[in-house]
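Participant: Take this structure first; my questions come after.
The values are calculated or read from the model by the stated rules, or taken from the named source; none is laboratory data. A quick note: this is a predicted structure, and the numbers were derived from the prediction, not measured. In this analysis, Cβ positions are derived from the backbone assuming ideal geometry, glycine residues included, and neighbour counts consider all displayed protein chains. Accessible surface is based on the protein model in full, side chains and every heavy atom, while ligands, DNA and RNA are left aside. Shrake-Rupley method; radii C 1.70, N 1.55, O 1.52, S 1.80 Å.
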Amino acid sequence: MVTLEELQHAIASCRICRDCPAGGDAKRLPHEPRPVAYLSATARILIAGQAPGMKVHQSGIPFNDASGDRLRQWLNVGRDVFYDRSRFAIVPMGFCFPGYDAEGHDLPPRRECAPQWRWTVIAAMPQVELVLAIGQYAQTWHLGSRRRKTMTETVEHWRDFLLANTEGPKVLPLPHPSWRNTAWLKRNPWFEADVLPALRREVDRLTG
């Protein structure tokens, strides 16, 4: 059994996407890896995001960007609470910035990361009571076959996951807080009206 500190160090040292990339050398991460994950022995909420963007890659601080600002607004917490590892663990599906596609958008999380680390990380934090599954990649992993066909349908049925789960942590699916989802938020006012109040109640309960 490794300690949480040893696991955090092992993640920080990980170079699997450079040294043994899925798909062979042509799929090698094109820059030096910088894994970003905040593990915790006491946090009761796990924020499961997608993968770091360039700003997070540069700073080494998760959600240290405009998406993080919006997420903190959703949670109704300041940076001091958000980055308090006794309250929040932050473990994305991919630990490293995956780079950009041909259109300048962030690529999906690296394929190597979740199979290598996720079960070990989740098992190392048995105190977690709530997983905030942000975006389709986190929802696919944490909800499995229970996930609906689209991200919108999954988030729309949030009660099925938050209220009905009896085994393991509860899961609350959320859209990604990226500015690219601003139009989605306008088209789906039920998210702000119904989901955010429930989210904030859970955050208050589990971080107070």
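Participant: Looking at the stretch 42-65 only, could you name the residues that are small (Gly, Ala, Ser) and in contact with a Ser or Thr (Cβ under 8 Å, 6 or more places away or on another chain)?
Facilitator: Of everything in the stretch 42-65, those that are small (Gly, Ala, Ser) and in contact with a Ser or Thr (Cβ under 8 Å, 6 or more places away or on another chain) turn out to be Ala43, Gly53.
Participant: Can you pull out the residues in the stretch 159-190 that are more than 24 Å from Pro52 (Cα to Cα) and either aliphatic (A, V, I, L, M) or assigned to a helix (DSSP H, G or I) (or both)?
Facilitator: If the condition is that a residue be more than 24 Å from Pro52 (Cα to Cα) and either aliphatic (A, V, I, L, M) or assigned to a helix (DSSP H, G or I) (or both), then Arg159, Asp160, Phe161, Leu162, Leu163, Ala164, Lys186, Arg187, Trp190 are the ones that fit.
Participant: Kindly indicate which of Arg187, Arg205, Arg180 is within 20 Å of Arg72 (Cβ to Cβ) and at pLDDT 95 or above.
Facilitator: Going through Arg187, Arg205, Arg180 in turn, just one is within 20 Å of Arg72 (Cβ to Cβ) and at pLDDT 95 or above: Arg205.
Participant: Can I ask one more? Is the stretch 133-145 home to any residue that is under 24 Å from Gly24 (Cα atoms) and touching a helix residue (DSSP H, G or I) at 6+ places or on another chain (Cβ under 9 Å)?
Facilitator: Yes; the residues of the stretch 133-145 include at least one that is under 24 Å from Gly24 (Cα atoms) and touching a helix residue (DSSP H, G or I) at 6+ places or on another chain (Cβ under 9 Å).
Participant: Looking at Thr150, is it closer than 18 Å to Leu75 by Cα and open to solvent by 40 Å² or more (accessible area, probe 1.4 Å)?
Facilitator: no
Participant: Out of the stretch 21-47, which residues are small (Gly, Ala, Ser) and either at pLDDT 95 or above or part of a loop (DSSP other than H, G, I, E, B) (or both)?
Facilitator: Ala22, Gly23, Gly24, Ala37, Ser40, Ala41, Ala43
Participant: Follow-up. What is the number of the single condition among (1) over 16 Å from Ala37 (Cα atoms); (2) touching a Gly at 6+ places or on another chain (Cβ under 7 Å); (3) among the charged types (D, E, K, R) that Glu153 does not meet?
Facilitator: Going through (1) over 16 Å from Ala37 (Cα atoms); (2) touching a Gly at 6+ places or on another chain (Cβ under 7 Å); (3) among the charged types (D, E, K, R) one by one, Glu153 breaks only (2).
Participant: Here is a further query. Among the residues of the stretch 68-117, which ones are surrounded by 15 or more Cβ atoms within 10 Å (Cβ to Cβ), of a type in the set (D, E, K, R) and farther than 15 Å from Ile47 by Cβ?
Facilitator: Those that are surrounded by 15 or more Cβ atoms within 10 Å (Cβ to Cβ), of a type in the set (D, E, K, R) and farther than 15 Å from Ile47 by Cβ: Asp106, Arg110, Arg111, Glu112.
Participant: Still on this structure, please answer the following. Residue check, Gly208 against (1) farther than 20 Å from Phe82 by Cβ; (2) open to solvent by 80 Å² or more (accessible area, probe 1.4 Å); (3) of a type in the set (Gly, Ala, Ser), all met but one. Which one?
Facilitator: (1)
Participant: Going by what's in this entry, would Ser86 be described as among the hydroxyl-bearing types (Ser, Thr, Tyr) and within 26 Å of Glu32 (Cα to Cα)?
Facilitator: In short, no.
Participant: If you don't mind, there's one more thing I want to ask. Hey, can you tell me all the residues within the stretch 13-50 that are of a type in the set (A, V, I, L, M), under 12 Å from Phe97 (Cα atoms) and free of Cβ contacts under 8 Å to residues at least 60 places away in the same chain?
Facilitator: Scanning the stretch 13-50 gives no hits.
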